[in-house]
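The values are calculated or read from the model by the stated rules, or taken from the named source; none is laboratory data. Since the structure is predicted, the reported quantities are computational estimates derived from the model, not experimental observations. Because the Cβ atoms are built from the backbone with ideal geometry, glycine has one as well, and the counts that use them run over all protein chains shown. To get the accessible areas, we keep the full protein, side chains included, count just its heavy atoms, and leave off ligands, DNA and RNA. Shrake-Rupley method; radii C 1.70, N 1.55, O 1.52, S 1.80 Å.
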Amino acid sequence: MTATLENRVVLEATEDPSPAAPSSSLEERTTLAGLALGALLGAMFPLVGVLAASEWRFDLGYAHATQPILYLVDTAPLVLGTLGLIIGRIYGRLRVTRLEIEETVEQRTADLARALSDLQHAQGQLLQAQKLEAIGSLAAGVAHEINTPIQYVGDNARFLAESFGELTVFHTAAIELADLAKQKGLCPEATAEFDRAIEEVDLEYLKEELPAAAQQALEGVGRVSEIVRALKDFSHPGSESKTPVDVNKSVRDTVAVSRNEWKYCADLESALDESIPLVDGFAGPLNQALLIIIVNAAQALEERLDSGEKGTIRIETALEGDDVVVSVEDDAGGIPDEIQSRIFEPFFTTKEVGKGSGQGLAIARSVLVEQHGGDLTFEVRPGVGTTFFLRIPIGESS
């Protein structure tokens, strides 16, 4: 009967209809362990029962007293085997459930970690956007306020330059008149006073220097006007939808606005292809991405050049297939190998605390990749420098 029970239990175990899965292997092993336990107990119990019954029969001499024990011995293997199988299956199910819970917890933890990283990235971008929006509004207001007095200065400088030419004509006529009076012997005291006045004011020097000073003033006013115009264009909020963007103009505006960042540590060269077409994009974010790359190049040069020697930043634009590519090259020595894979990570920075948030390149890459469907890559020349490539699809503007 014990053999029959074992066959039944093994048959039940092998006919389990549950589908095979990674967790079913553990469940099957624990089920077989429970089956082995039940079989072991079922096999041991008859021997113990027989010994007990034999001892009771010989000691008490009551043959009928062995009947309950023999019945128990006969049925115990079936009961214990079944219990062993049930316990094994329950234990297996509990083990499988525990593993499934652990896997679920690990998966949820990983999902939460990714969600937290995405949230931090989004929060950083939002804070950066809010800060840039506030700075842009302030810059636009400052540019507008500067523009009016600069117009006054420019108009007056042009008036002085033109008026000085007329004064020169008058001065020439006065000199001729004084010379004629001297020849005729007229008004000797007045002509002598006239000569002394010419010597005191050094009129010849003024005639030579004043035109150059007026021209320099006009050039300076023109330079300020260019910066103000670039600042107004740079800080303009732009449209919520894509519009045709002149990449060369964006480069020029960004270079003008960022001049204070690079002029002390770098000479900036540019080679802009004037034949490139307009691109379909957002002018403001593109300006921001360009600004980040140029300022990063300037900061890299500033860190490397302790002797006061200037480096070089070179910006080029070109048409490559259906994309406009802006390359920004520096000779700051290149990005170290150990951090090249991390430079686009949000919040990663090699700068000291308070000097960098680690958001710049991450935001620039987001502008190129997510907003414009382009790309931001870089090429390192070890010991020489780094070149960043901003690839912008032309889109519908072509």
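For the reader, a short list of remarks on this structure follows.
- Positions within the stretch 193-212 being exposed (fewer than 14 other Cβ atoms within 10 Å of the Cβ) and touching a helix residue (DSSP H, G or I) at 6+ places or on another chain (Cβ under 9 Å), in sequence order: D195, A197, E204
One line per residue, one yes/no per condition, for (1) at pLDDT 90 or above; (2) within 25 Å of the chain's Cα centre (by Cα); (3) not in a helix (DSSP H, G or I):
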residue	(1), (2), (3)
I276	yes, no, yes
G284	no, yes, no
Q288	no, yes, no
I293	yes, yes, no
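- Selected residue (criterion: modelled with the lowest pLDDT) from residues of the stretch 378-398 that are surrounded by 14 or more Cβ atoms within 10 Å (Cβ to Cβ) and polar (S, T, N, Q): S397
- The selection criterion, being surrounded by fewer than 22 Cβ atoms within 10 Å (Cβ to Cβ), under 22 Å from the mean Cα position of the chain (by Cα) and modelled with pLDDT of 90 or more, holds for S327.
- Residue in the stretch 309-326 that is within 22 Å of P382 (Cβ to Cβ) and free of Cβ contacts under 8 Å to residues at least 12 places away in the same chain present: yes
- Only residues that are more than 21 Å from D253 (Cα to Cα) and surrounded by fewer than 21 Cβ atoms within 10 Å (Cβ to Cβ) were counted across the stretch 287-310, and they come to 9.
- R114 vs. criteria of a type in the set (K, R), surrounded by fewer than 12 Cβ atoms within 10 Å (Cβ to Cβ) and at pLDDT 75 or above: yes
- Close pairs from the stretch 152-172: first under 16 Å from Q216 (Cα atoms), partner open to solvent by 100 Å² or more (accessible area, probe 1.4 Å), Cβ under 9 Å, at least 6 apart: none
- Filter result for the condition that a residue is under 30 Å from S250 (Cα atoms) and acidic (D, E), over E209, E199, E189, E226: E226
- Residues (at pLDDT 90 or above and part of a loop (DSSP other than H, G, I, E, B)) located in the stretch 241-266: D246
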